[in-house]
Amino acid sequence: MNRCEIAGRLAGLGLPDLPEPLAAPIVDSHTHLDTIAEMVGIDPQLSLAAAAATGVTRIVEIGCDVAGSQFAEQLARSHPQVVAAVAIHPDDAAALAAGSPESLSEAIDEIDRLAGAGPHVRAIGETGIDHHNTPEGPGWQVQREAFAAHIALARTHGLTLAIHDRDAHHEILDILDAEGWPERVIMHCFSGDADHARRCLDHGAWLSFAGTVTFNSARPQREALAVTPHDRILVETDAPFLTPTPCRGARNGPYLAAHTARFIGDQLGLAEIDCCRLLAANASAAYGGPWGPEADDAADPQLARTPRTTAGGVDE
């Protein structure tokens, strides 16, 4: 499928046009291709093709429940440019426990099984605390217990922990301190300010910035970005949500990570190619090593020395 064909299919769905290809490949470090298919009508193959056409050549597919985690594992198993994260989202954990505590326990057992499915599963996530969507009460305690269980899974399996934090900055850190931080932790869709960023960075976390950092209202997040060491910055879409400027108001997809990556580069004063290479290297480190073509390059010294053409036609 060429770029014109992809653009035509996106236009037929009323979606934003493809951004210009980036100067070097990047990674969408947090997306939901299953939810995009359900809510937007873009099947995963089109999502991956559109992403590659803009230079987003690798994807982290994130699970939020059992079905979504199974989808992530299967997609990553069959697509080398994809790795999976598996978990029960905090809101889903609270809802499951409200129906039956046994259902939540069984769901976490399945996440444990999926976590050991192979090297294509790189993370436990997204998990954490959400004080916005779950009303105060028993659900909050369930979220704490489920988060602790997911932390234990990340530590047991040696996987990255991808954290959902909504209106719960201090509680997230308190639980991590009590349970023990896994070796690799990502603060997904970082929503705190510079002070909170420093607290996370003190523990070696990566901060992942979504399209929200491009919003006029996102000054605290931009200040957090400014204090984050360059090797701790990730870019994500959280698609189909959090669409970046200039496409805000439309549904999101991994291909629109190009807008956020360019914005981050501008904020950091980096040339586009340098920013892209930085973001790609950071994603590999945060998720336990390269995958897809980048892993092949790393394993083959001769190939690593050979310029390779990206999806945008740029030799690197």
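The values are calculated or read from the model by the stated rules, or taken from the named source; none is laboratory data. Not measured: the values here are computed from a predicted model. Cβ sites come from the backbone with ideal geometry, for glycine too, and all protein chains shown count toward neighbours. With ligands, DNA and RNA removed, areas are computed over all heavy atoms of the protein, side chains included. Shrake-Rupley method; radii C 1.70, N 1.55, O 1.52, S 1.80 Å.
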- Message: So with the 1.4 Å probe, I'd like the accessible area per residue for the chain, rounded to whole Å².
- Response: 40
- Item | Descending Cα extents along the principal axes, the chain, whole Å | 52, 43, 38
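Which net charge results when you count Lys and Arg as +1 and Asp and Glu as -1 among the other residues whose beta-carbon is under 12 Å from that of A283?
+1
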- Item | Carbon + sulfur, % of accessible area of the range 1-83 - ligands and nucleic acids excluded, 1.4 Å | 53
- Note on the structure: Expressed as a whole-number percentage, the relative contact order of the chain with C-alpha contacts under 8 angstrom and at least six residues apart is 21
- Query: Mind checking the dipole of the chain: about its Cα centre, +1 per Lys or Arg Cβ, -1 per Asp or Glu Cβ, Debye to the nearest 20?
  - Reply: 820
- Note on the structure: Exposed-loop cut sites defined as trypsin sites (Lys or Arg not before Pro) in DSSP loop states with at most 15 other Cβ within 10 angstrom; longest site-free run of the chain spans 1-304
- Query: Non-local amide H neighbours of H89 (under 5 Å, H modeled in plane, Pro and chain starts lacking H): which ones?
  - Reply: D65
- Message: Let me cross-check S191: its accessible surface, 1.4 Å probe, with only protein heavy atoms counted, in Å² to the nearest 10?
- Response: 50
- Query: Pairing the Cα long axis of helix 169-179 with the longest principal axis of the chain, what angle in degrees results, from 0 to 90 and rounded to the nearest 10?
  - Reply: 70
- Message: Run through the range 182-270 and list the GluC sites (Glu not before Pro) located in a DSSP loop whose Cβ has at most 16 other Cβ atoms within 10 Å.
- Response: E183
- Computed [θ] at 222 nm, deg cm²/dmol, the chain (DSSP H ≥ 4; -39,500 (n - 2.57); rounded to nearest 500): -15000 deg cm²/dmol
- Task: Mind pulling the angle between the C-alpha long axis of helix 66-78 and the longest principal axis of the chain? Nearest 10 degrees, somewhere in 0 to 90.
- Result: 30
- Message: Please report the antiparallel percentage of the DSSP beta bridges confined to the range 9-107, to the nearest 5.
- Response: 0
